[in-house]
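Bear in mind that the values in this text are calculations on the coordinates, not laboratory data. Note that the structure is predicted; figures quoted are calculated from it, not measured. Cβ: placed from backbone, ideal geometry, glycine included. Neighbour counts: every protein chain shown.
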Amino acid sequence: MKNVFVYCEIERTTVQEVSQELLTKGRKLANQLGVELHAVVAGTDIKGKVEDQILPYGVDKLFVFDGEGLFPYTSAPHTDIMVNLFKEEDPQIALMGATVIGRDLGPRVSSSLTSGLTADCTQLEIGDYEDKKAGKKYDNILYQIRPAFGGNIVATIVNPDHRPQMATVRSGVMQKAIYDGKAKGEVVYPEVGKYVSEMSYAVKVIDRHVEAAKNNLKGAAIVVAGGYGVGSKENFDLLFQLAKELHAEVGASRAAVDAGWVENDRQVGQTGVTVHPKVYIACGISGQIQHIAGMQDAGIIISINNDPDAPINQIADYVINGTVGEVVPKLIKYYKQNSK
Ligand SMILES: Cc1cc2nc3c(=O)[nH]c(=O)nc-3n(C[C@H](O)[C@H](O)[C@H](O)COP(=O)(O)OP(=O)(O)OC[C@H]3O[C@@H](n4cnc5c(N)ncnc54)[C@H](O)[C@@H]3O)c2cc1C
């Protein structure tokens, strides 16, 4: 009881990375709270095929719901599973991916349990909270941290009285790591019929089209990212040339995406992809908080900007003061020259 739960998303029998990232975070939270980490997965014909992708992340107990009609995901059966399981288990924290599925499932579960939910958290921490008005103190509650008010502030949201404290997190925001501590690793296979009503299978998926990502921005070791300062679609070609030389991926700010210079799946930031490359080269990007949210954990940040006071320069390891048009062709030329 009062444990930390993670809902694990699957594609047939493949557990999604965002869920493994959340398991790693969930394990840390559970350790801090001195409770167990539990995971839930639901699908069709998954018994024996998903456990090894979940348990190594430090799970004490895994609930595998295996039954017809649980894959592809539809809202009602998965909501029934989570709501009824949570009524039995009474978790204190529940985490889900801020994915198409998590965005559908999370609010349904939280409204059924009247628990509240914070979407798109960028950090999750444990801390104390004092409600001065009510004169109440709360120990060890979940700080659900995310940009708010259009990114002008970073808000810490707490849910003192209702359980579970629910949060969704985008893929790539947390980092997954196999747990090297001890976890119980128990697996149970509850009877699906006890949790899901027959009515919940009313929606049947007749056809499904899944498109693979066109780039590997999230996993790239080097990202060359362009912003509004790149100036045109043609100038973005320079960034693609540099990326080719460096075996990097091209990213972009929202301003560059909105200008139509680059596809929107290359957007880095709060409403785009979160990246953790070894090197991030920001070309003509000012460094607004919504952009920084998606790249601040990069190992080395290089800023190319014609404004020496651009905010991104404050977090950059190296600043090249100049225009994209001057600097990027030189980088390409000298990289080619020196890597022969
Ligand atoms: C709710 C919300 C969510 C958002 N989500 C995101 C998000 O996920 N990702 C994101 O990026 N933004 C996001 N934004 C938008 C964000 O606030 C900024 O508007 C955006 O990041 C600015 O992009 P930019 O830095 O490319 O453009 P600008 O702010 O216009 O900066 C351009 C920079 O280029 C420099 N420059 C100009 N010309 C040159 C040149 N020739 N050579 C070199 N440098 C030059 C300028 O000095 C400046 O620093 C979001 C906003 C909101 C409200």
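Note on LYS184 and GLU263: with the Förster distance fixed at 45 Å, the Cβ-Cβ geometry gives a FRET efficiency of about 0.50.
Shape index of the chain: Rg/Rh, with Rg the Cα radius of gyration and Rh the Kirkwood radius from the inverse mean 1/r over Cα pairs, equals 1.03. Multiplying the residue separation of ALA148 and THR114 by 0.36 nm and removing their Cα-Cα distance gives an extension gain of 10.0 nm. Summarising the strand pairing of the chain, around 25 percent of its internal DSSP beta bridges are antiparallel. Placing dummy labels 7 Å off each Cα toward the beta-carbon, the span from ASP45 to GLU11 is 1.8 nm. Along segment 142-148 the Karplus relation, 6.51 cos²θ - 1.76 cosθ + 1.60 evaluated at θ = phi - 60°, assigns HN-Hα couplings of 7, 8, 9, 9, 7, x, 9 Hz to successive residues, with x for each Gly and Pro.
For LYS136, the aspartates and glutamates whose Cα comes closer than 19 Å to its Cα, not counting residues fewer than 8 places off in the same chain, are ASP128, ASP161. Using the Cβ-Cβ distance between LYS194 and ASP161 with R0 set to 30 Å, the FRET efficiency from 1/(1 + (r/R0)^6) comes to roughly 0.55. Segment LYS136..ASP297, full-extension length gain: 54.4 nm, with 0.36 nm per residue of separation and the alpha-carbon distance subtracted. Take 196-203, 275-282 and order them by the average number of nearby Cβ atoms within 10 Å per residue, most first; the result is 275-282, 196-203. For segment 233-281, the gyration tensor built on C-alpha atoms gives an oblate shape. Its axis ratio a/c (a ≥ b ≥ c) is at least 1.5, and a/b is not larger than b/c. Between the helical axis of 100-112 and the longest alpha-carbon principal axis of the chain there is an angle of about 40 degrees. Separation of segment 312-340 from segment 186-213 is 50 Å, based on Cα centroids.
Helix 75-89 and the long axis of the chain differ in direction by around 60°, with both axes built from C-alpha atoms. To the nearest ten degrees, helix 233-246 and the longest principal axis of the Cα atoms of the chain are 80 degrees apart.
Note on the chain: GNM, Cα springs under 10 Å; of THR122, THR74, THR274, the largest mean-square fluctuation is that of THR74. In the structure shown, the pairs LYS278/LYS330; LYS49/LYS278; LYS61/LYS278; LYS182/LYS278; LYS87/LYS137; LYS28/LYS184 are assessed against 24 Å; a Cα-Cα span above that value is assigned to LYS49/LYS278; LYS61/LYS278; LYS182/LYS278; LYS87/LYS137. Taking a ≥ b ≥ c as the square roots of the eigenvalues of the Cα gyration tensor, segment 72-169 is classed as oblate, since a/c reaches at least 1.5 and a/b does not exceed b/c. Couplings 3J(HN,Hα) of segment 277-285, computed from phi: x, 6, 10, 10, 9, 9, 9, x, 10 Hz, in residue order, whole Hz [Karplus 6.51 cos²θ - 1.76 cosθ + 1.60, θ = phi - 60°; x for Gly and Pro]. Put in order of Cβ neighbour count within 10 Å, fewest first, the listed residues ARG12, ARG208, ARG27 become ARG208, ARG12, ARG27.
Give the residues of segment 320-336 whose amide nitrogen is closer than 12 Å to a point set 7 Å from the Cα of ASN306 in the direction of its Cβ. Residues passing the 12 Å test: 322-327.
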